[in-house]
Amino acid sequence: MKSKKIILCLIGLAIVALFFYLDLGRYLTLESLKANRQLLQTFHADHTVLMVTAFMALYIIQTGLALPGATILSLSAGAIFGPVMGTIYAVSAASIGATLAFLFTRYLLRDAVLRRFGSKLEGMNKELEERGINYLLFLRLVPLFPFFLINLAAGLTRLPLRTFMLGTFFGIIPGGFVYVNAGASLASINNLSDIASARVLGSFALLGLFALIPALYAQFKNRNTTTP
């Protein structure tokens, strides 16, 4: 078992090292996507299954290893597949990648993550332990913490895998659709900061607060019950 863990860790490190050594991030830019959109659409029309498979595999690896490029990949999904199918592919791939990161943290990298991020994750871990899926939905809807940190924090808790998967999948749909839908209108985007406006972020915050309501109500009810 220990040798398997070492092999998996080495494979992950090799992929990350290769990504930066080959400077693959230069392809994950808004300018590159705009320049190659027509080529990607043509390839998708000619090789639909291959294109979808390759896209999802790339997104899963990016998310699982916390590599740069999530925003561009979401925009690419809209530019290539359209807003509906693009959202399905992007959200599904991101959820699978997040689940892999969750499992890696829980079973392979627990000690390393605690040493590197332990103090930063204490508060998040406590809330995830106490409020479960409600707090996870809040974290996914409201971008208070980086996506990969939430995966790591959840992996350190006793949060059930099923709860993590469901909370992640449904929690990232709104944000995923915003970026994928923007990618479907790629020509109108000049800067990545144009996509998530203050109004959009405010809407996510409200959705996040609604997700917390059941947990807050349960806490309030328990306090009233225990008060003499």
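The values are calculated or read from the model by the stated rules, or taken from the named source; none is laboratory data. It should be emphasised that the depicted structure is a prediction, and the values quoted were computed from it without experimental measurement. Using ideal geometry, Cβ is built from the backbone for each residue, glycine included, and neighbour counts are taken over all protein chains shown. Each accessible area value is taken on the protein alone, full model and side chains, heavy atoms only, with ligands, DNA and RNA left out. Shrake-Rupley method; radii C 1.70, N 1.55, O 1.52, S 1.80 Å.
Taking Ala101, is it at pLDDT 85 or above, closer than 17 Å to Pro174 by Cα and touching a Ser or Thr at 6+ places or on another chain (Cβ under 8 Å)? Considered against the rule, which asks whether it is at pLDDT 85 or above, closer than 17 Å to Pro174 by Cα and touching a Ser or Thr at 6+ places or on another chain (Cβ under 8 Å), Ala101 comes out as no. Would you be able to say whether some residue in region 14-26 is among the hydroxyl-bearing types (Ser, Thr, Tyr) and in contact with a Leu (Cβ under 6 Å, 6 or more places away or on another chain)? No, the conditions are met nowhere in region 14-26. When region 99-125 is filtered for residues that are among the hydroxyl-bearing types (Ser, Thr, Tyr) and open to solvent by 20 Å² or more (accessible area, probe 1.4 Å), the ones remaining, listed by number, are Tyr107, Ser119. So, restricting to helices (runs of 4 or more DSSP H) that lie completely within region 1-85, which ones have at least 3 residues that are touching a Lys or Arg at 6+ places or on another chain (Cβ under 9 Å), in contact (Cβ under 8 Å) with a residue 24 or more places away in the chain and open to solvent by less than 40 Å² (accessible area, probe 1.4 Å)? Where helices (runs of 4 or more DSSP H) fall fully within region 1-85 and carry at least 3 residues being touching a Lys or Arg at 6+ places or on another chain (Cβ under 9 Å), in contact (Cβ under 8 Å) with a residue 24 or more places away in the chain and open to solvent by less than 40 Å² (accessible area, probe 1.4 Å), they are 70-81.
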